[in-house]
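Notes follow once the structure below has been shown.
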Amino acid sequence: MKPFGKYALIGLVAAMLINTSDSQAKETTPALDATQWSYATDPYGSTATFRNQMITDEGVWVKFKRIPRVDPQRNSWVEVIYSPEATSLTGTKKIRLTYKCDIPLLIKLSQSHYGKEGDKTYAHYQTKLPASNDWNTVEVGFDTFSRPDWTPKSSVDHGIILNEINALYLTPSMTDKHGGKAILQVQAISLIQ
């Protein structure tokens, strides 16, 4: 094969590989559905700011500032809430998440036993992911979740009951005592059956 033809063939193969990688990336990271995402902050002064809007073509981008706990009866909080299309996590084996967060990130399970409709303690099950300044994709099984230390003794431990979970809360891991700042980004999330 002549040198020119050899280089042309190498260039063609490289272009095909690049195009294949781009199309595979698009298939594995579909755009997030804005109707499934929201956020919450306490009414005491914690804030969430965005780049024009919370969901962009690149995914979720939120800069949080959490104030320290106000007093024993009033706690501060910041969170991004993912409400999947299904009404519960029934049948889910793992959660796959692609994220960036400049401090460790908590995934909390919103289980009806503990919220407004339950014991009103807002106890939950959570797992902690490491801080990551680069896109980090993790798969998390429910065996890694546990109740936080502050859970009131009055809150009955029902265990993780998937058909009672209708949302995931993503929260940068800041302390009640000190509050803090963090940027959270989410590129993709999926529930693995």
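The values are calculated or read from the model by the stated rules, or taken from the named source; none is laboratory data. Predicted model only: the values in this text are computed from it and were never measured. Quick reminder, even Gly has a Cβ in these numbers, built from the backbone with ideal geometry, and neighbours come from all protein chains shown. Only protein heavy atoms, including side chains, enter the accessible area calculation; ligands, DNA and RNA are left aside. Shrake-Rupley method; radii C 1.70, N 1.55, O 1.52, S 1.80 Å.
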Next item on the list: Under 9 Å between Cβ atoms, at least 6 apart or on separate chains: pull out the pairs that start in the stretch 178-190 with a residue that is in contact (Cβ under 8 Å) with a residue 24 or more places away in the chain and closer than 21 Å to TRP37 by Cβ and end on any residue that is surrounded by fewer than 19 Cβ atoms within 10 Å (Cβ to Cβ) and of a type in the set (Gly, Ala, Ser).
Entry: ALA182/ALA131; ALA182/SER173
Notebook entry, point to check: Could we say that TRP135 is open to solvent by 30 Å² or more (accessible area, probe 1.4 Å) and at pLDDT 95 or above here?
Noted result: yes
Note to self: Taking the criterion of being open to solvent by 50 Å² or more (accessible area, probe 1.4 Å), at pLDDT below 95 and closer than 23 Å to VAL62 by Cβ, would at least one residue in the stretch 110-124 satisfy it?
What the structure shows: yes
Margin query: Regarding the stretch 82-104, can at least one residue be identified that is loosely packed, with under 13 Cβ neighbours inside 10 Å and within 29 Å of PRO72 (Cβ to Cβ)?
Written below: no
Notebook entry, point to check: Can you name every residue in the stretch 138-150 that is surrounded by 13 or more Cβ atoms within 10 Å (Cβ to Cβ) and either part of a loop (DSSP other than H, G, I, E, B) or touching an Asp or Glu at 6+ places or on another chain (Cβ under 8 Å) (or both)?
Noted result: PHE145, ARG147
Margin query: It is to be established whether one or more residues within the stretch 182-193 are buried (at least 18 other Cβ atoms within 10 Å of the Cβ), at pLDDT 95 or above and small (Gly, Ala, Ser).
Written below: yes
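When you go through LEU168, LEU105, LEU162, LEU129 one by one, which is the residue that is of a type outside the set (Phe, Trp, Tyr) and out of contact with any Pro (no Cβ under 9 Å at 6 or more places or on another chain)? So that I can check it myself, show each step before the final result.
Working: LEU168 fails: out of contact with any Pro (no Cβ under 9 Å at 6 or more places or on another chain); LEU105 fails: out of contact with any Pro (no Cβ under 9 Å at 6 or more places or on another chain); LEU129 fails: out of contact with any Pro (no Cβ under 9 Å at 6 or more places or on another chain).
Selected residue: LEU162, the only one of LEU168, LEU105, LEU162, LEU129 that is of a type outside the set (Phe, Trp, Tyr) and out of contact with any Pro (no Cβ under 9 Å at 6 or more places or on another chain).
Can you give me the ranges of the strands (runs of 3 or more DSSP E) entirely in the stretch 37-98 with at least 3 residues that are in contact (Cβ under 8 Å) with a residue 24 or more places away in the chain?
Qualifying strands (runs of 3 or more DSSP E): 37-41, 59-66, 78-82.
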Check: Just to be sure, is SER155 in contact (Cβ under 8 Å) with a residue 12 or more places away in the chain, polar (S, T, N, Q) and surrounded by 16 or more Cβ atoms within 10 Å (Cβ to Cβ)?
Finding: yes
Check: Can you name the residue in the stretch 158-181 that is part of a loop (DSSP other than H, G, I, E, B) and aliphatic (A, V, I, L, M) and is also surrounded by the fewest Cβ atoms within 10 Å (Cβ to Cβ) among such residues?
Finding: ILE161
